[in-house]
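What follows is a set of notes on a single structure, which appears directly below.
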Amino acid sequence: MNRDEKTLILFKPDCVRKNLSGIILQRLLGEGFRLRGMKMMQLDDAILREHYAHIIDLVIDDKPLFPTLSAFMQTSPVVALVLSGPGVITRVRSILGPTNSMKADKGTIRGDFGTNSMLNICHASDSPESAEVEIKRFFKPEEIFDNVD
């Protein structure tokens, strides 16, 4: 496990509206991860099209998913953060639980606070490659602080 591994986390609108950002951050930092960057931001269509390009054409039950997802992600600001630590990508995804909160075990963040596969509290990078791209999408280099230990 690489000590320098980083991941992007987005506290989604349902997390922000339920005022869970502090609780979720505390749970993640309690696992020993280091906070490298954090900010609140309002997302727009451009960044959402880029971020969700891999599912832009996905259709579920004869309805395109992206317009609904994009509208939801713009209902409130999100909190974006960068965490680092050994195996942070895999470990965070385990702590969050499956994307569909209805399938997440109690004790996971999504199992405790999520509602379904869209209202699932957080987005987390799924690989080192996507983490690198996603961090650059949401943070400027000078907004990442690797010297805080």
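The values are calculated or read from the model by the stated rules, or taken from the named source; none is laboratory data. What you are looking at is a predicted structure, and each value in this text was computed from that prediction instead of being measured. We place every Cβ from the backbone using ideal geometry, glycine too, and count neighbours over all the protein chains shown.
Things to note:
- Sole residue being more than 14 Å from the chain's Cα centre (by Cα), crowded, with 20+ Cβ neighbours inside 10 Å and under 26 Å from E31 (Cα atoms), chosen from G85, G97, G111: G85
- Test: V88 is of a type in the set (A, V, I, L, M, F, W, C), within 19 Å of V133 (Cα to Cα) and in contact with a Gly (Cβ under 8 Å, 6 or more places away or on another chain): no
- Segment 1-28 residues that are modelled with pLDDT under 95, paired with ones that are not in a helix (DSSP H, G or I) (beta carbon under 6 Å, 6 or more apart): M1/P86; M1/G87; R3/P86
- Taking segment 104-147 as the range and being outside any helix (DSSP H, G or I), within 20 Å of A46 (Cα to Cα) and free of Cβ contacts under 8 Å to residues at least 24 places away in the same chain as the test, only K140 passes.
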